[in-house]
Amino acid sequence: MLDTGRLSFYHIFVSDMTLDLQYVRSQFPSLAGGWTFFDNAGGSQTARPVIDRLTDYLCTSNVQLGATYAPSLTAGERVLSATEQVATLVNAEYASEVVMGSSTTMLLRILSLGLARYLAPGDEVIVTNCDHEANIGPWIALADRGVTVKTWSLNRESYRLQTEELQRLMTDRTRLVAVPHVSNILGTINPIREIADMVHERGAWICVDGVAFAPHRLVDVRELDVDFYAYSFYKVYGPHQAVLYGKREHMLAIPGWNHFFFDESSLPAKFQPGGVNYELTASLGGIGDYLQGVASAHQVQETELRSASRQVFSLIADHEQTLSKQLLDFLDSKPKVRVIGDLRPAADFRVPTMSFVIDGTHSGSIPPEIDKQRIGIRYGHFYAKRLIDDLGLAERGGVVRVSMVHYNTLEEVDRLTAALDPLI
Ligand SMILES: Cc1ncc(COP(=O)(O)O)c(C=O)c1O
């Protein structure tokens, strides 16, 4: 049975509509190539409007920003408006709270280098054991500055982070808690607002890795009340570029990393040493174009980006739940398979990133067999190495991961399960 008990939030807008997959798939040129892409948590396909904006930028305004001649002004306007659009998409209060960079890993490292000069010996940070290393390593490195690092480990039976455990770990010296919105192995959505409230009660900050969440649901940094939030656009239908949101007052207070003549009030430039990649930043506007295109293809009345996107992501959540259920039912029916994560498909609980292991089988033996059917999946620790080690899964090569997004279809899931069936 479909677990629909908690779906009310996702149904308030477009309750009787389903995602038009023909339209959606027509917006991703690479999907015409015959491959089924089930490695989307590694990187999604690129939406056509992103490709169009990138091409247009390179063909018509590929000059240095900041000069007075017309193409330079056009380039500056394109980079700025794409940045403002990202700020709107994540619901930041100010566009200057949005820092662009080459990757989430790089942006969180830059933030940690600033915090290293801001925190004092004896201060404490808390990391989880289920994040991607991008949101663990930089904080562990603060130990070199005399900061105490503690680990919040998930419950090994439920595969969930328990907030009572965080409560136990926090003290009056806790300054930062780093946590994933969704683990790229487990797929479970963590209750970030609840965690943020607990963290703020102790006077600390929360830094959230949203990489595995943002492709599936609309990010809302104000609703979540997060202090820092980062994610990567190459998993959200865009290019290899990433964003770090930081609350304005914190970003002003934390030392930056740019040249000496950028003063500490120059946001976001103080966190963008070397500047940003112009063409990739400009192309980000195509993500909003794509979402608005999906909205109008579904007769969504709202034209404003965030309200239109909210409705689009509601349709996405419904479709993803159907995909999740189909795959989880199959995996759950196989006695030799253990799903590493929550078995409930409901859109409130999880995104369609599924990891599993098979008794007596090395995880590495599965993907090459599936490749033969022109279906792309993969295995390993996915840079969440501490989680794979703690769960005792390293020796079997980590997990097999199937990570779906909204352009995947039930037919593709059927093809995958048919290919997996003889192997398990
Ligand atoms: C959950 C998660 N966080 C962080 C990252 C790192 O992102 P980037 O490659 O942009 O550094 C990844 C990449 O796979 C990820 O899956």
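Between 333, 355, 363, the distinction of being within 16 Å of the ligand (Cβ to nearest atom) and in the same structural domain as residue 39 (by TED's automatic domain parsing) belongs to 355 only. For segment 194-251, the set of residues classified as of a type in the set (Val, Ile, Thr) and in a loop (DSSP other than H, G, I, E, B) consists of 211, 219, 226, 236, listed by residue number.
Does residue 135 qualify as being within 18 Å of the chain's Cα centre (by Cα), free of Cβ contacts under 8 Å to residues at least 40 places away in the same chain and within 13 Å of the ligand (Cβ to nearest atom)? In short, no. Every listed requirement among (1) under 18 Å from the mean Cα position of the chain (by Cα); (2) open to solvent by less than 10 Å² (accessible area, probe 1.4 Å) is met by residue 225 save one, (2).
Checked against (1) surrounded by fewer than 24 Cβ atoms within 10 Å (Cβ to Cβ); (2) more than 10 Å from the ligand (Cβ to nearest atom), residue 207 passes all but a single condition, namely (1). Under the condition of being within 11 Å of the ligand (Cβ to nearest atom) and either more than 19 Å from residue 286 (Cα to Cα) or touching an Asp or Glu at 6+ places or on another chain (Cβ under 8 Å) (or both), the residues counted in segment 220-238 number 2.
Here is a check on your reading of the model: is residue 217 within 20 Å of residue 85 (Cα to Cα), surrounded by fewer than 23 Cβ atoms within 10 Å (Cβ to Cβ), touching a residue at least 12 places away in the same chain (Cβ under 8 Å) and within 16 Å of the ligand (Cβ to nearest atom)? Spell out how you get there, then give the answer.
On the way: within 20 Å of residue 85 (Cα to Cα): yes; surrounded by fewer than 23 Cβ atoms within 10 Å (Cβ to Cβ): yes; touching a residue at least 12 places away in the same chain (Cβ under 8 Å): yes; within 16 Å of the ligand (Cβ to nearest atom): yes.
Yes, satisfied.
The number of residues in segment 127-137 being open to solvent by 30 Å² or more (accessible area, probe 1.4 Å) and farther than 19 Å from residue 226 by Cα comes to 1. Of the residues making up segment 296-320, just one is under 20 Å from the mean Cα position of the chain (by Cα) and open to solvent by 70 Å² or more (accessible area, probe 1.4 Å), namely 310. In segment 153-182, the residues that are assigned by TED's automatic domain parsing to the domain that holds residue 354 never reach a residue that is basic (Lys, Arg) and part of a loop (DSSP other than H, G, I, E, B) with C-beta atoms less than 8 angstrom apart, at least six apart or across chains. Just one of the listed residues (384, 347, 419) is buried (at least 19 other Cβ atoms within 10 Å of the Cβ) and at pLDDT below 95, namely 347.
Take residue 140 and tell me if it is touching a residue at least 60 places away in the same chain (Cβ under 8 Å) and either over 20 Å from residue 196 (Cα atoms) or open to solvent by less than 60 Å² (accessible area, probe 1.4 Å) (or both).
no
Across segment 387-416, the qualifying residues are those that are surrounded by 24 or more Cβ atoms within 10 Å (Cβ to Cβ) and of a type in the set (Gly, Ala, Ser), and the one among them that is farthest from the chain's Cα centre (by Cα) is 398. Applying the condition of being assigned to a loop (DSSP other than H, G, I, E, B) and over 16 Å from residue 388 (Cβ atoms) to segment 150-170 and asking which residue is most open to solvent (accessible area, probe 1.4 Å) yields 157. Which one is farthest from residue 163 (Cα to Cα), of the residues in segment 102-126 that are within 13 Å of the ligand (Cβ to nearest atom) and surrounded by fewer than 18 Cβ atoms within 10 Å (Cβ to Cβ)? Here the answer is 102. Got at least one residue in segment 297-310 being assigned to a helix (DSSP H, G or I) and of a type in the set (D, E, K, R)? Looking through segment 297-310, at least one residue is assigned to a helix (DSSP H, G or I) and of a type in the set (D, E, K, R). So residue 173 clears everything in (1) surrounded by fewer than 17 Cβ atoms within 10 Å (Cβ to Cβ); (2) within 16 Å of the ligand (Cβ to nearest atom) except one condition, right? Which one? Here residue 173 clears every test but (2). Among the residues of segment 144-155, which ones are of a type outside the set (A, V, I, L, M, F, W, C) and more than 13 Å from residue 128 (Cα to Cα)? 144, 145, 146, 148 - these are the residues of segment 144-155 that are of a type outside the set (A, V, I, L, M, F, W, C) and more than 13 Å from residue 128 (Cα to Cα).
The values are calculated or read from the model by the stated rules, or taken from the named source; none is laboratory data. Note that the structure is predicted; figures quoted are calculated from it, not measured. Quick reminder, even Gly has a Cβ in these numbers, built from the backbone with ideal geometry, and neighbours come from all protein chains shown. Surface accessibility is based on the protein's heavy atoms, side chains included, excluding ligands, DNA and RNA. Shrake-Rupley method; radii C 1.70, N 1.55, O 1.52, S 1.80 Å.
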